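Read through the structure below, which is laid out as structure tokens, and then see the notes.
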Amino acid sequence: MPQSTSSHRHVLRILGILGSSAVIQIAIGVLKVKALALLAGPSGVGLAGLFAAVLSVGTSTAGIGLGQGAVREIAAKADDPASVAVIRRALFWGSVALGLLGALVMIALAEPIAAYAMGDAALASQVRWLAGGVAVAVVAAGQAALLNGLQQIRALAVLGVVVSALAAVAGVGFAVAWGPDGAIGFTLAVPVASLLVGTILCARLPRVPQTAWRWRELLPLLRRMAGLGFAMTLAGIAGHLAQVTVRALIVEDLGLEAVGHFQAAWTVSYQYMGVILAALAMDFFPRLSAVADDRPRAARLVNEQFEIALLFAGPVLTCAMVFSPIAIQILYTADFAESAQVLRWQILGDIVKIAAWPLGFLLLAQRAGTAFFMTDLLWAASYPALVALLLPSYGLEAAGMAFLASYTLYLGSVVLAAPRFGCTISAQNWRYLAESALYLVAGFAVADHGGIGPLAIGVALIAAQSATNWRRMRHNF
């Protein structure tokens, strides 16, 4: 069997496992957010979005990339049980120490964090609750990194589904009991469920040999693991700060209810697509890191991932575009109709993000930490800057326009950086991207006009793109 065909089929098999898990997670998430929208309204959704953004920033900062570095270390030593045992021990104790330290710092800075991120220093008590969530989330991230490094794909799929289900039940329970005031419990349910399920799954792994150890033996390994993930940490912090800043700008200019509309669009577009991309990265990043020194092979992997992601995601995004007004009302309530305007622009940005995604991982696998951070920083700086620039003229819709523009800048930056590492995107893949964008632009017009006639045209677009991409997959794979 040709190597490229074998690799394509491997990716498809992993996509089948993790993609199925992602679809279930998205379905559960839809029901969870729908319940929150009904129980707490746009203000409750907006508050939960603010809490989630702060929790993400705190977790990324406290974790300092330990999990990402551990994935590479574990994958490289997978055939050496003694080395893996040491890495597991270092990862566990490092995660515990970093989580506790991050929580303490966040508690000390609770008032300024609340004032900046939420526009109200009186919410400092909720920030202190989020600090506990940071400690839990860092340890849970370490558990997920262990499973990822050992390529426990089915365990990772189970982890995602069970955590989503548990967090949904608990989160909706908080919303039922306290309405908008239950947003903090709604947010914290995710890291707590992640820790519980992760502990069970990691306990089922082969036991770590019980040998004597000292901290000074683990510290060099911890420094190396954290160093490998440092660029990802800085980029993650910058990205999360950008999200917090955008929400703060919207709160200041348009109010908390507008943040709720933005959060609805963000969840449908960014977070759900993020689940799928994260699932793919669980397989792609370790494989790409393993062949990073073989630049032709690494370039081939990047192009394969580019192709597969576009062929799969293209029809999904076109469907989301065409049905965006209907989807917002179904997923939330009629009060969230304004969210559809933002969502359409963000879906256009998603196809650009999907194209840029494998190139970003190439920079990381090649240990080009500075290039990786600078390209991510370009997005993180341009996104809120463009929102601030466009908000006075276009209102809430500016957030979606800025999302598309900032990811276009990001794609340009990683495309310019990639040839330094022997990688260029094939002409075929650029054609796939252009075709996907044209379908989305047509879907944008359909969604903008509404009505039975345009909707029928939209369905025809989805059918045509799906049939074309299916033929390509059958031929190429």
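The values are calculated or read from the model by the stated rules, or taken from the named source; none is laboratory data. Since the model is a prediction, treat every value here as computed from it, not as a measurement. No Cβ is skipped: glycine too gets one built from the backbone with ideal geometry, and neighbour counts run over all protein chains shown.
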Can you tell me which of (1) out of contact with any Phe, Trp or Tyr (no Cβ under 8 Å at 6 or more places or on another chain); (2) at pLDDT 75 or above is the one residue 226 doesn't meet?
(2)
Restricting attention to the range 353-367, which residues are under 16 Å from the mean Cα position of the chain (by Cα) and small (Gly, Ala, Ser)?
355, 356, 360
Which condition breaks for residue 419 when tested against (1) modelled with pLDDT of 90 or more; (2) within 28 Å of residue 264 (Cβ to Cβ)?
(2)
Could you grab me the full set of residues in the range 279-325 that are among the charged types (D, E, K, R) and either in contact (Cβ under 8 Å) with a residue 12 or more places away in the chain or touching a Lys or Arg at 6+ places or on another chain (Cβ under 6 Å) (or both)?
283, 287, 295, 300, 304, 307
Reported set for the range 400-445 where residues are touching a residue at least 60 places away in the same chain (Cβ under 8 Å) and hydroxyl-bearing (Ser, Thr, Tyr) is 424, 426, 432, 436, 439
Members of the range 438-469 found to be closer than 17 Å to residue 342 by Cα and assigned to a helix (DSSP H, G or I), listed by number:
440, 441, 442, 443, 444, 445, 446, 447, 448, 449
Going through 463, 442, 447 one at a time, which residue ends up being at pLDDT 90 or above, more than 30 Å from residue 363 (Cβ to Cβ), surrounded by 14 or more Cβ atoms within 10 Å (Cβ to Cβ) and more than 25 Å from the chain's Cα centre (by Cα)?
442
Please state which one of 146, 159, 188 is touching a Cys at 6+ places or on another chain (Cβ under 9 Å), surrounded by 18 or more Cβ atoms within 10 Å (Cβ to Cβ) and part of a helix (DSSP H, G or I).
146
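Conditions tested, residue by residue: (1) assigned by TED's automatic domain parsing to the domain that holds residue 248; (2) under 26 Å from residue 244 (Cβ atoms); (3) modelled with pLDDT of 80 or more; (4) buried (at least 20 other Cβ atoms within 10 Å of the Cβ).
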position: 61; (1), (2), (3), (4): yes, yes, yes, yes
position: 72; (1), (2), (3), (4): yes, no, no, yes
position: 76; (1), (2), (3), (4): yes, no, no, no
position: 82; (1), (2), (3), (4): yes, no, no, no
position: 90; (1), (2), (3), (4): yes, no, yes, yes
position: 97; (1), (2), (3), (4): yes, yes, yes, no
position: 100; (1), (2), (3), (4): yes, yes, yes, no
position: 117; (1), (2), (3), (4): yes, yes, no, yes
position: 126; (1), (2), (3), (4): yes, yes, yes, yes
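A quick yes/no check of all residues on (1) assigned to a helix (DSSP H, G or I); (2) free of Cβ contacts under 8 Å to residues at least 24 places away in the same chain; (3) aliphatic (A, V, I, L, M); (4) closer than 21 Å to residue 282 by Cα:
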position: 56; (1), (2), (3), (4): yes, no, no, yes
position: 59; (1), (2), (3), (4): yes, no, no, yes
position: 70; (1), (2), (3), (4): yes, no, yes, yes
position: 82; (1), (2), (3), (4): yes, no, yes, no
position: 92; (1), (2), (3), (4): yes, no, no, yes
position: 97; (1), (2), (3), (4): yes, yes, yes, no
Selected residue (criterion: modelled with the highest pLDDT) from residues of the range 320-351 that are hydrophobic (A, V, I, L, M, F, W, C) and part of a loop (DSSP other than H, G, I, E, B)
323
Which of (1) more than 29 Å from residue 289 (Cα to Cα); (2) modelled with pLDDT under 90 does residue 147 not meet, given it meets every other one?
(1)
Those residues of the range 389-417 which are under 13 Å from residue 355 (Cα atoms) and out of contact with any Gly (no Cβ under 9 Å at 6 or more places or on another chain) amount to 409, 411, 412, 413, 415
Residues of the range 169-183 that turn out to be over 11 Å from residue 39 (Cα atoms) and either polar (S, T, N, Q) or crowded, with 23+ Cβ neighbours inside 10 Å (or both), as a count:
1
Odd one out for residue 408, checked against (1) in contact with a helix residue (DSSP H, G or I) (Cβ under 7 Å, 6 or more places away or on another chain); (2) of a type in the set (Val, Ile, Thr); (3) modelled with pLDDT under 95:
(3)
Within the range 396-437, how many residues turn out to be hydroxyl-bearing (Ser, Thr, Tyr) and either in contact with a strand residue (DSSP E or B) (Cβ under 9 Å, 6 or more places away or on another chain) or not in a helix (DSSP H, G or I) (or both)?
2
